[in-house]
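Every number here is computed from the coordinates shown, using simple stated rules; none is lab data. In this text the structure is predicted, and so the values were computed from the model without any measurement. Counting neighbours? That spans all protein chains shown, and the Cβs are built from the backbone with ideal geometry, glycine included.
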Amino acid sequence: MRVTIGITGASGAVYGWRMLQLLYKAGIEVHCVVTNSGWDVLKHECGVSTEDIHKVCYRLYDNNNLAAAIASGSFKTDAMVIVPCSMHSLGAIANGISHNLLLRAADVMLKEGRKLVIVPRETPLNSIHLSNMLKLAQSGVKIVPASPGFYHQPKDLAELVDMMVGRICDQIEIELNIFRRWQ
Ligand SMILES: Cc1cc2nc3c(=O)[nH]c(=O)nc-3n(C[C@H](O)[C@H](O)[C@H](O)COP(=O)(O)O)c2cc1C
């Protein structure tokens, strides 16, 4: 399976970081792109560097490289997940703006009718955020807000994060067995 992971500058970088680590362990071919703000937040919230990300993906692209493989629909991918997704990137995708590689790769998923999962993180949400999300949902995008449940009674933050990552993976049909499901 070949999956693109995009990381933007929303809070919750830990979800993207954990997802990369788990997909790498599961042997998924992960193509990764991180925005400039995404790098800042990864460093600030997780202490993660470019080298760390390099180690857990098949390919890591420069967000300015619009000639990268994932910028073309002829390069086949099974799914793209943007985790976490800022309101800036979400708004750009909802309105067909593709001035960087992450945005272009998302636009490609839409035009090719492939699976695109967006994990937005912002609070509170204004009406522009909400209407952009509605637009995306009506275009077939799965909107999976970064709002983990508590019904599995997490003992720590790691269990909370894994619950969220597990629910994101459900959307792309990858079973990692990392959280207790409701029985
Ligand atoms: C520490 C930090 C946390 C942020 N958290 C959020 C957030 O949760 N949601 C959001 O939409 N923007 C957040 N931002 C603002 C975005 O980083 C900013 O809008 C940026 O332009 C997004 O660019 P990108 O979509 O290219 O990554 C945050 C910024 C910083 C520095």
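Tabulated data for the structure shown
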item: Values of log10 I(q)/I(0), in the order q = 0.13, 0.14, 0.22 Å⁻¹, for the stretch 102-160 under a Debye, Cα-only, solvent-free model; result: -0.47, -0.53, -0.92
item: S49-Q183 FRET efficiency (beta carbon distance; Förster radius 35 Å; 0.05 resolution); result: 0.30
item: Paramagnetic label zone (point 7 Å from Cα along Cα-to-C-beta, A69; backbone N under 11 Å) in the stretch 1-45; result: 2-4, 29-32
item: Burial ordering of Y61, Y24, fewest other beta-carbon atoms within 10 Å first; result: Y24, Y61
item: Whether the stretch 90-131 is rounded, prolate or oblate, judged on the alpha carbon gyration tensor where a/c under 1.5 counts as rounded; result: prolate
item: Within the chain, percent of DSSP bridges classed antiparallel, to nearest 5; result: 0
item: Gyration tensor (alpha-carbon) shape descriptor, the chain, a/c threshold 1.5; result: rounded
item: Neighbour-count order for M109, M1, M87, fewest beta carbons within 10 angstrom listed first; result: M1, M87, M109
item: Calculated SAXS-style log₁₀ I(q)/I(0) at q = 0.10 Å⁻¹ - the stretch 13-110, Debye, Cα scatterers; result: -0.24
item: At R0 = 22 Å, FRET efficiency that the Cβ-Cβ distance of K135 and K76 yields, to 0.05; result: 0.30
item: Sites matching trypsin sites (Lys or Arg not before Pro) across the stretch 1-106 that sit in DSSP coil, with at most 14 neighbouring C-beta atoms within 10 Å; result: K76
item: Packing-based exposure ordering (other Cβ within 10 Å, fewest first) of T77, T50; result: T50, T77
item: Alpha-carbon Debye profile of the stretch 1-69, log10 I(q)/I(0) at 0.11, 0.18, 0.25 Å⁻¹; result: -0.22, -0.60, -1.14
item: Cα→Cβ-extended label distance, 7 Å offset, between R114 and A158, nm; result: 3.3
